[in-house]
Structures are given as structure tokens and as C-alpha cells.
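**Student:** Mind looking over this structure? Questions follow.
The values are calculated or read from the model by the stated rules, or taken from the named source; none is laboratory data. Since this is a predicted model, take the numbers as computed values, not measurements. As a convention, Cβ positions derive from the backbone with ideal geometry for all residues, glycine included, and neighbour counts pool all protein chains shown. The accessibility values were calculated without ligands, DNA or RNA, using every heavy atom of the protein model including side chains. Shrake-Rupley method; radii C 1.70, N 1.55, O 1.52, S 1.80 Å.
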Amino acid sequence: MAAGHAVGAGGGERGVIGELIAWLTDPAHWTGPGGVLAQTLLHLYYCVVSVAAASLVAVPLGVYIGHTGRGSVLVVGVGNAMRALPTLGLVTLLVLGFGLGELPALAGLVILAIPSILSGAYAGVRNAPADAVDAAKGMGMTAAQRLWQVELPTALPLVLGGVRSAMLQVVATAAVAAYVGLGGLGRILLDGLKISDYAQMASAAIVIAVLAVLLDLVLAGATRLLVPRGLQLAARRGGKD
């Protein structure tokens, strides 16, 4: 009996995997306005727009606080508080306040992305090599010159690291946009949940995971292109310390 049960369980697993493969390889699921390709592009749009908007807010604020030393407690407090916010609850609250549409969902994703980018920008500038900053002062550089020519270049690895971290969080969370009537890969997942189509739900989750990996690889490549290798190695050593 035990052996028969094991075979049955194995057959069930093979059945689920077969359904998943069948769903993913069906061209009908990939084409059209509601297909995987269109919804992936929409999901990507939500992610890029929200992380870009968060960067416009968080990078200048983090650089200012890191350079001046003012408000460092605020960075820690606000960052921890914003990380604790449930994104779905926040989006729902924004929908109640502003109505259905892209604004509430994107606003929730922007708020989710800010802490990582803010922390990266702040830490990068704040931890600029003291000997390099002192040398710049000795050369007669102004505070603005030290910021642009010394602190920001050395902070770039951590700034981009914060953006990468924020992007991964947003890609995984952007599925909540479907709960307020928007599209994206979350729509495919939610539609599968409504009809108990587990192959569809699993397929949407797999595509979201693949999209996250691809975006992280793109940002990692951008980091290698923009940041000199010496600074990358220094940032890694600093992270280990």
C-alpha cells in the first residue's frame, strides 16, 4: 500500500509538472493584450517607473544627509518604518483615498523602493574614504567640489546596490497592482487563483522570478560599466567589514 501511495504521489507530481509545461508552451497564453508578453511589458513598466521615481526622491535626499550628517537618525527611523509597511494594505488605502488607477499602485511601489535606495545613497556618501576627503580639503576644494569629485564617485557602488535591491523588491511586489484592477503578471496570477488554475498561477510566479533575475543581471552589468573595478572591490571589502 505504501508503495502504491508513493507511485500515486509521484504520478500526481508529474501531472502538475506536465500541466505547468503545457501552460507555458501554449502559444495562446503568450499572445494578445492579456498574454504573458504584454503583461510582462506592463509589469516591467510598473517596476521601472516606480524605481525611477523613488530614485529621484531618495538619491538626492540620501546624498544630502550623508554629506551633511544632518538627519541620519531620520534615515534609519523612516527606512525601518517604511520597510514595515504592508504594500498591499498601503495600496488599498491609497485606492480608497484616490480611487482606482495607476497612481495608487505606483505610489505604493515607490514607497516600497525608497528605503533601500535612500540607505544606499546615505551609506555610500557617509562612508567615503576619510583620507580622500581630507586630501580634497587640503587641495582647497569646496564642499560642493568634494561631493561631486570625491564622495559621489566612491558612493556609486552602494547607490547602485540600493537601486538593485529596490528593483528586486518591486518586481516581486508589483503583482499587487492586479488587486486594484491593473494589469501586469499579477493579473495572470490573480486570474488563475479565481478559477483555481494552479498551472497558470505557477507559470505567472515563474515568469516573475525570471524577470527579477534578468533585471538584476542588467543592473549588475550597468554597475560594472559605470563603476571602476577598484571601487567595486573596495565596496565589497567594506561590506565584508
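**Student:** Suppose all protein chains stay in the model; what accessible area per residue would a 1.4 Å probe give for segment 118-202, in Å²?
**Tutor:** Solvent-accessible surface per residue comes out at 46 Å².
**Student:** Computing the accessible area with a 1.4 Å probe over protein heavy atoms, can you report the carbon and sulfur percentage for segment 100-151?
**Tutor:** Percent of accessible area from carbon and sulfur atoms in segment 100-151: 61.
**Student:** Still on this structure, I have one more. Using unit Cβ charges (K, R positive; D, E negative) and no other charged atoms, how large, in debye to the nearest 20, is the dipole of segment 123-228 about its Cα centre?
**Tutor:** Once rounded to the nearest 20, the dipole reads 120 debye.
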